[in-house]
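Everything on this sheet refers to the single structure shown next.
The values are calculated or read from the model by the stated rules, or taken from the named source; none is laboratory data. Note that the structure is predicted; figures quoted are calculated from it, not measured. Here the Cβ positions follow ideal geometry from the backbone for every residue, glycine too, while neighbour counts run over all protein chains shown. Protein only, heavy atoms only, side chains kept; ligands, DNA and RNA dropped before computing areas. Shrake-Rupley method; radii C 1.70, N 1.55, O 1.52, S 1.80 Å.
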Amino acid sequence: MCAPDHYRWLPTNTIARRTLAGGGQPDLQGLQSQHRELVQALEQGGARVHHLPPEPHLPYMAYTRDSVVVTHRGPVLCQLERPQRRGEYAALIDWHGGPGGDGFWRKSSAGTLEGGDIHILRPGLALIGASGGRTDEAGAGQLAGWLRAEGWEVRVQPFEEHFLHLDVLFCLAAPGLAVACLDVLPEDFIAWLAAHGIRCIPVPYREAMQLGCNILSLGGGRVISARESLP
């Protein structure tokens, strides 16, 4: 994890530009408090938390879910889509094994690939979202090829770029159980999940857009989600 000590909004989209034009910036103390709460929740759930030192010129380093994904062979360094985030690779390579980045199993080099689109459903089965935005077909295809060479089955699932990452629409909650926005996801995808023994808890579109599907499973029936997602 990486503390949001230098977090600020950059003019990367229409909403951010409009907010910045009005003089708005996030509440840094509030973000730091939320981050400490998340760290505590992870530790209470039995996770060992590693801390990546934040760098002042990289305000979005806090989103570590996007920059690295862990596989059965070790971590994969992702190729982030936003130019403002690409400098994060240097700190990640150093942290994961020095100048050569020897701690990585693979380093993404084709197209774009972000961790919010990568879902390890179980050993030997993976799902990669490809919206053409944060993760495109080239990036998804490269990771899928590496996993398939290991004997894995991998589905590359297209979806609308509007949703940013597939984890806005789908996340695994426990072995064989997922939360999913069935209002949006195609029927053949839901059928593919069912054929692999994965049942879906439906999340309405409105709740999905409030990150109702964006959860983190810790195993043992423990899940971290946004407080707003509680019934």
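Observations, loosely collected:
- Flag: GLU114 matches the condition of being in contact with a strand residue (DSSP E or B) (Cβ under 9 Å, 6 or more places away or on another chain), closer than 17 Å to GLY74 by Cα and among the acidic types (Asp, Glu).
- Given (1) under 27 Å from LEU177 (Cα atoms); (2) open to solvent by 10 Å² or more (accessible area, probe 1.4 Å); (3) out of contact with any Asp or Glu (no Cβ under 6 Å at 6 or more places or on another chain), index of the condition ALA110 fails: (1)
- Residues being over 14 Å from LEU166 (Cβ atoms) and of a type outside the set (Asp, Glu) - total across the range 199-208: 6
- The criterion of being touching a residue at least 24 places away in the same chain (Cβ under 8 Å) and aliphatic (A, V, I, L, M) does not hold for LEU182.
- Qualifying residues in the range 130-163 (those that are open to solvent by 50 Å² or more (accessible area, probe 1.4 Å) and assigned to a loop (DSSP other than H, G, I, E, B)) - the one farthest from ARG73 (Cα to Cα): GLU160
- Options ARG148, ARG122: the member that is in contact (Cβ under 8 Å) with a residue 40 or more places away in the chain and not hydroxyl-bearing (Ser, Thr, Tyr): ARG122
- Put simply, of ASP183, ASP188, ASP167 the only residue that is open to solvent by 50 Å² or more (accessible area, probe 1.4 Å) and assigned to a helix (DSSP H, G or I) is ASP188.
- Complete set of residues in the range 42-53 that are under 18 Å from the mean Cα position of the chain (by Cα) and either closer than 14 Å to SER225 by Cα or surrounded by 15 or more Cβ atoms within 10 Å (Cβ to Cβ) (or both): LEU42, ALA47, LEU52
- Scanning the range 43-102 for residues that are among the small types (Gly, Ala, Ser) and assigned to a helix (DSSP H, G or I) returns SER67, ALA90, ALA91.
- Selected residue (only one of LEU218, LEU172, LEU211, LEU127 is modelled with pLDDT under 95 and assigned to a strand (DSSP E or B)): LEU218
- Applying the set (1) in contact with a Phe, Trp or Tyr (Cβ under 8 Å, 6 or more places away or on another chain); (2) modelled with pLDDT under 95; (3) surrounded by fewer than 16 Cβ atoms within 10 Å (Cβ to Cβ) to ARG73 leaves exactly one unmet item: (2).
- Close pairs (9 angstrom Cβ cut-off, 6 or more residues apart or separate chains): without any contact (Cβ under 8 Å) to a residue 24 or more places away in the chain in the range 17-28, among the β-branched types (Val, Ile, Thr) anywhere: GLN25/THR19
- Any hit, the range 58-67, residues being modelled with pLDDT of 95 or more, in contact with a strand residue (DSSP E or B) (Cβ under 8 Å, 6 or more places away or on another chain), open to solvent by less than 20 Å² (accessible area, probe 1.4 Å) and closer than 18 Å to ILE118 by Cα: yes
- Qualifying residue in the range 5-22 (condition: open to solvent by less than 90 Å² (accessible area, probe 1.4 Å), among the hydroxyl-bearing types (Ser, Thr, Tyr) and either in contact with a strand residue (DSSP E or B) (Cβ under 7 Å, 6 or more places away or on another chain) or not in a loop (DSSP other than H, G, I, E, B) (or both)): yes
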